[in-house]
Amino acid sequence: MQHLLRGRAAEERAVRFLRRAGLQIVARNQNFKHGELDIVARDAGQWVFVEVKFRHRSDYGEPAEMVTPSKQQRLHRAGLAWMQENDPEMARPCRFDVIAISGQQDEPLRWIKDAF
């Protein structure tokens, strides 16, 4: 249960950060056959699919390292599914970002634009 609460808090923090950076949050926690999109945003006419990774401890690696090639493939498929439902003409380009949060909630987060 604690893990879920930490994950939700990290996602809320990422949303606040992205809004302050000028992105418009369009959707959250979108589930598809191929995977889940944590955050869907719009940034200057571009769709942004954001994967939020939080690790309380770094014993098993840094948060961004958890976005493995297989996870990237699932995110690409989920992003495509989202676009087919919400922008069927594919009128806007898209990118995939990662927000990595390590340690305690008050530590700085790392925003990796166009991560893959």
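Structure values in brief
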| read-out | value |
| --- | --- |
| Filter pass, G61 being over 17 Å from D114 (Cβ atoms) and in contact (Cβ under 8 Å) with a residue 40 or more places away in the chain | no |
| Test: residue in segment 16-34 that is under 14 Å from the mean Cα position of the chain (by Cα), under 15 Å from F116 (Cβ atoms) and of a type in the set (A, V, I, L, M) | no |
| Any hit, segment 84-106, residues being in contact with a Ser or Thr (Cβ under 7 Å, 6 or more places away or on another chain) and within 15 Å of R6 (Cα to Cα) | yes |
| Some residue of segment 12-29 being closer than 16 Å to P108 by Cβ and aromatic (F, W, Y) | yes |
| Pair list, Cβ < 6 Å and 6+ apart or interchain, from segment 90-102 residues that are aromatic (F, W, Y) to residues that are assigned to a strand (DSSP E or B) and crowded, with 22+ Cβ neighbours inside 10 Å | F96/F49 |
| Members of segment 24-35 that are surrounded by 15 or more Cβ atoms within 10 Å (Cβ to Cβ) and under 17 Å from A10 (Cβ atoms) | I25, R28 |
| Filter pass, Q46 being farther than 21 Å from G7 by Cα, more than 12 Å from the chain's Cα centre (by Cα) and free of Cβ contacts under 8 Å to residues at least 12 places away in the same chain | no |
| V52 buried (at least 16 other Cβ atoms within 10 Å of the Cβ), of a type in the set (V, I, T) and in a helix (DSSP H, G or I) | no |
| Qualifying residue in segment 67-80 (condition: of a type in the set (A, V, I, L, M, F, W, C) and over 20 Å from Q30 (Cβ atoms)) | no |
| Neighbours by Cβ (under 7 Å, 6+ apart or cross-chain): first from segment 12-24, closer than 20 Å to C94 by Cβ and of a type in the set (G, A, S); second surrounded by 11 or more Cβ atoms within 10 Å (Cβ to Cβ) and modelled with pLDDT under 95 | A14/L109 |
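Rundown of residues vs (1) of a type outside the set (D, E, K, R); (2) in a loop (DSSP other than H, G, I, E, B); (3) surrounded by fewer than 16 Cβ atoms within 10 Å (Cβ to Cβ), yes/no style:
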site	(1), (2), (3)
G22	yes, yes, yes
L37	yes, no, no
A64	yes, no, no
S70	yes, no, yes
A78	yes, no, no
A91	yes, yes, yes
E107	no, yes, yes
F116	yes, yes, yes
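The values are calculated or read from the model by the stated rules, or taken from the named source; none is laboratory data. As the structure is a prediction and not an experimental result, all values here were calculated from the model. With ideal geometry, Cβ positions are generated from the backbone for all residues, glycine too; neighbour counts draw on all protein chains shown.
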